[in-house]
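One structure is given below, encoded as structure tokens.
The values are calculated or read from the model by the stated rules, or taken from the named source; none is laboratory data. All values derive from a computational prediction rather than experimental measurement. Ideal geometry is used to build each Cβ from the backbone, glycine not excepted, and the neighbour counts take in all protein chains shown. SASA here: full protein model, heavy atoms, side chains in, ligands and nucleic acids out. Shrake-Rupley method; radii C 1.70, N 1.55, O 1.52, S 1.80 Å.
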Amino acid sequence: MLIHAVHAMADSRAVSLVVVVAPPDGAPEVRSLLDAHALPDRTDVLVVPGGESRQESVKLGLDALPPGYDIVLVHDAARPLVPVDTVDTVIEAVRHGAPAVVPALPLADTVKQVEPAAPGEPEPVVATPDRSLLRAVQTPQGFDRATLVRAHETVTDDVTDDASMVEQLGLTVVTVPGHEEAFKVTRPLDLVLAEAVLARRRLNDGF
């Protein structure tokens, strides 16, 4: 999954550096894994140790970024199959002035807001949000570098993504169209779907 996720970034001609944030004690192993797989020559790959939380790991990756990179993408290795067109669309939106950009999809299911209950107990429904106003957010999320740095220096609350941190600064986060193949691999069924997507890509593209 990591190799495919790095490829997803490196395959964009707009990406010249990929910073891989490894487990705190796993940087040498990750470096060896990456060295064993061919990546585009135009893209450099830097491996740095991460922290104890997702937020801390992103901050460490951001700190390791050399000067001269004004646009930063934050991607999740659990989404290894994001198409290059989605990566390019996020980058272009930042280039056109958006401080923060997230790829997103409309929801296919009706969503219910519930009142939490004890484990195993029925949960009362308290509201049904308007599905047309909701989006399922994916990665890579794109940022103006200075904005993302300020967010990590300012926001100390635990958040689920970096766009939420930018929202807390009072800045506008915009969405661009996501892609159904940029799903998050978290369950056994997701692996089956990922294997099917890869099999189709190998048939069509030879990769």
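Which order do you get for 189, 105 if you rank them by accessible area with a 1.4 Å probe, largest at the top?
If we order 189, 105 from most to least accessible, we get 189, 105.
The residue among 168, 140, 22 whose Cα reaches farthest toward the positive pole of the charge dipole of the chain, with charges on the beta-carbon of Lys, Arg, Asp and Glu, is 140. Each residue of the range 188-198 was assigned a 3J(HN,Hα) from its phi angle through the Karplus curve 6.51 cos²θ - 1.76 cosθ + 1.60 (θ = phi - 60°); the sequence is x, 5, 5, 5, 4, 5, 4, 4, 5, 5, 5 Hz, with glycine and proline shown as x.
Each residue of the range 110-120 was assigned a 3J(HN,Hα) from its phi angle through the Karplus expression (A = 6.51, B = -1.76, C = 1.60, θ = phi - 60°), giving 5, 10, 10, 8, 10, 8, x, 10, 5, x, x Hz with x at Gly and Pro. Taken along the Cα-to-beta-carbon direction at a fixed 7 Å, the label points for residue 134 and residue 205 span 3.1 nm.
With protein chains left intact and a 1.4 Å probe, residues in the range 79-207 average 60 Å² of accessible area per residue.
Taking the 1.4 Å solvent-accessible surface of the range 74-207 as the whole, the part contributed by carbon and sulfur is 53%.
Given the chain, what percent of its DSSP beta bridges are antiparallel, to the nearest 5?
Bridges in the chain that DSSP calls antiparallel: roughly 50 percent.
Report the gain in length on full extension from residue 3 to residue 123: 0.36 nm times residue separation, minus Cα-Cα distance, nm rounded to one decimal. The span from residue 3 to residue 123 would gain 39.2 nm if fully extended.
Model label sites at residue 107 and residue 44, defined 7 Å from Cα along the beta-carbon direction, differ in position by 4.3 nm.
From largest accessible area down, sort 92, 115, 52, 153; use a 1.4 Å probe on the protein chains.
Details: 92 75, 115 100, 52 160, 153 135 Å².
Putting 92, 115, 52, 153 in descending order of accessible area: 52, 153, 115, 92.
When the chain is treated as a Gaussian network with alpha carbon springs shorter than 10 Å, the biggest mean-square fluctuation among 120, 68, 170 belongs to 120. If the segment from residue 114 to residue 159 were pulled out straight at 0.36 nm per residue, it would be longer than the present Cα-Cα gap by 14.1 nm. One Cα centroid belongs to the range 67-103, the other to the range 6-47; the line between them spans 16 Å. Relative to the Cα centre, the charge distribution of the chain, modelled as +1 at Lys and Arg Cβ and -1 at Asp and Glu Cβ, gives a dipole magnitude of about 480 debye. Among the trypsin sites (Lys or Arg not before Pro) in the range 62-150, those placed in a DSSP loop whose Cβ has at most 15 other Cβ atoms within 10 Å are 112.
Charging the Cβ of each Asp and Glu at -1 and of each Lys and Arg at +1, and nothing else, the dipole of the range 1-97 about its Cα centre rounds to 120 debye.
Under 5 Å between amide hydrogens, built in the peptide plane, is the criterion, and for residue 18 it picks out 44, 45, 46 among residues at least 5 positions away or on other chains. Recomputing volume of the Cα convex hull per residue in Å³ from the coordinates shown identifies the correct label among (i) 184; (ii) 162; (iii) 219 as (ii).
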